[in-house]
Amino acid sequence: MNKTYGEILLIYTVTLNPAIDYVMHPLTLDMGFTNRSSHEEIYCGGNGINIAGILNELGVANTALGICGGFTGDYLIRTLQSQGISCNFVRLDKGDTRINVKLNGIVMSIVNGMGPTIPQRKLDELLQRMDMIREGDTVVLTGSIPKSLPDTTYDMIMNHLAGRGIRFVVDAPGTLLVRALGAKPFLIKPNNHEVGRLFDEKPETPEECLPFARILHDRGAANVLVSCGKYGSALLDEHGREHITMVPPCKLVNATGAGDSMVAGFIAKIDEGADYATALNFASCCGSATASSKYLANRATIDKLYASLGAVLEEHKEEIEAALERVRKADRYADTLDKH
Ligand SMILES: O=P(O)(O)OC[C@@]1(O)O[C@H](CO)[C@@H](O)[C@@H]1O
């Protein structure tokens with residue numbers, strides 16, 4: 001169990017490529033023509049920043065670390081501070097924090113920016129600031145990284161902090177994730193599509209994802225949480241046990257940040273002393289609460305969905321048990337991760 005509020009700050013999210021999320025609501029989208037949005041919203045984004053927002057909402061002490069720059073970086077820091085999110089960002093001398101465009105029409109289309117160039121000395125400055133992180137604290141490395149940084153960046157950060165009793169959480173795509181497994185993170189949280197890309201398969205459901213989760217677990221990740229959108233989510237826990245949960249009843253509004261909310265919810269519940277099945281259920285409700293909100297979920301929505309999940313799980317109990325049984329009896333997939 002992690003330390004508590006009375007002591008020092010405990011969870012540090014790291015966002016190397018934060019963003020301003022510019023959400024537009026076009027009524028139609030015709031490629032090659034001028035489209036009009038019916039209204040727009042502006043939020044602070046980037047996975048680590050979203051996780052920090054939900055942790056704050058859940059009353060879990062945290063600090064958002066990262067690198068930002070330019071007028072968008074100024075906006076980001078000002079806004080986070082006004083939301084009461086503790087942040088410690090290295091400022092770039094040149095380059096702007098990216099603006100990610102989310103076109104929330106009949107379906108959501110997303111264009112994420114590349115992000116500014118990060119000079120080595122700025123990364124070194126961030127590493128120096130991270131030296132304040134102590135034994136028992138958690139470091140959450142999450143999201144894409146700007147193109148100027150190598151795929152080994154998360155790996156390198158974890159190596160820098162190795163041997164200090166720090167708990168790592170990694171939510172990153174592709175090679176970044178595979179490279180991070182060697183540092184034996186406490187938790188990784190790919191979604192079913194990311195798992196599919198790692199293994200050249202197309203798993204959709206928690207049942208289909210669990211065999212791949214086992215490979216990621218065997219490669220070093222203690223807990224592997226896989227979100228599968230409307231199908232629910234799966235957890236292969238640190239003891240090698242499989243869990244499946246479902247989504248509570250809710251209506252999709254904007255799924256941006258839903259995965260991040262799951263990470264925040266999972267860590268928060270584990271740090272309260274909950275067991276893995278409970279943490280998975282709570283994580284699922286945090287994700288659904290954000291997906292059914294305009295932006296990140298508030299506590300009331302999370303609590304409401306959490307209260308409704310029990311009935312859904314009860315109704316589908318036999319189905320879930322049967323799926324878990326099939327997973328336990330199934331042949332193992334070959335580990336093909338070395339190609340990354
Ligand atoms: O380009 P990345 O780093 O992969 O993803 C960035 C992003 O899409 O992820 C967050 C939601 O998880 C958004 O706030 C943000 O715009």
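The values are calculated or read from the model by the stated rules, or taken from the named source; none is laboratory data. Computed from a predicted structure; not experimentally measured. All Cβ positions, even for glycine, are placed from backbone atoms using ideal geometry, and neighbour counts span all protein chains on display. The protein model used for the area step is the full one, side chains on, heavy atoms only, and it has no ligands, DNA or RNA in it. Shrake-Rupley method; radii C 1.70, N 1.55, O 1.52, S 1.80 Å.
Note that the stretch 158-270 presents 36 Å² accessible area per residue, ligands and nucleic acids not counted, probe 1.4 Å. Each part reduced to its alpha carbon centroid, the stretch 115-163 and the stretch 275-326 end up 32 Å apart. Assign one of three labels to the stretch 63-213, namely rounded, prolate or oblate, based on the Cα gyration tensor with a ≥ b ≥ c the square roots of its eigenvalues; rounded applies when a/c is under 1.5, prolate when it is not and a/b is larger than b/c, and oblate otherwise. Oblate is the answer for the stretch 63-213, as a/c is 1.5 or above yet b/c matches or exceeds a/b.
Excluding same-chain neighbours fewer than eight residues apart, the aspartates and glutamates reachable from residue 202 by a Cα-Cα span under 18 Å are 194, 331, 335.
How much accessible area does residue 186 have with a 1.4 Å probe, in Å² rounded to the nearest 10? Estimated to the nearest 10 Å², residue 186 gives 30 Å².
Given DSSP loops and a limit of at most 10 other Cβ atoms within 10 Å, what is the longest stretch of the chain that contains no such trypsin sites (Lys or Arg not before Pro)? Excluding the exposed sites themselves, the longest stretch runs over 95-250.
Phi angles of the stretch 233-245 translate, via the Karplus equation with coefficients 6.51, -1.76, 1.60 and θ = phi - 60°, into HN-Hα couplings of 8, 10, 9, 10, 8, 4, 8, x, 8, 8, 9, 10, 10 Hz per residue; Gly and Pro are given as x. Counting lysine pairs in the stretch 278-340 that sit 8 or more residues apart in sequence, or on different chains, and whose Cα atoms lie under 29 Å apart gives 4. On the stretch 193-340, 50 percent of the accessible area sits on carbon and sulfur atoms, based on a 1.4 Å probe. Ranking of 72, 301, 336 by solvent-accessible surface, largest first: 336, 301, 72 (1.4 Å probe, protein heavy atoms only, all chains present).
With a threshold of 31 Å on the Cα-Cα distance, the over-threshold entries among 147/269; 230/269; 147/184; 184/230 are 147/269.
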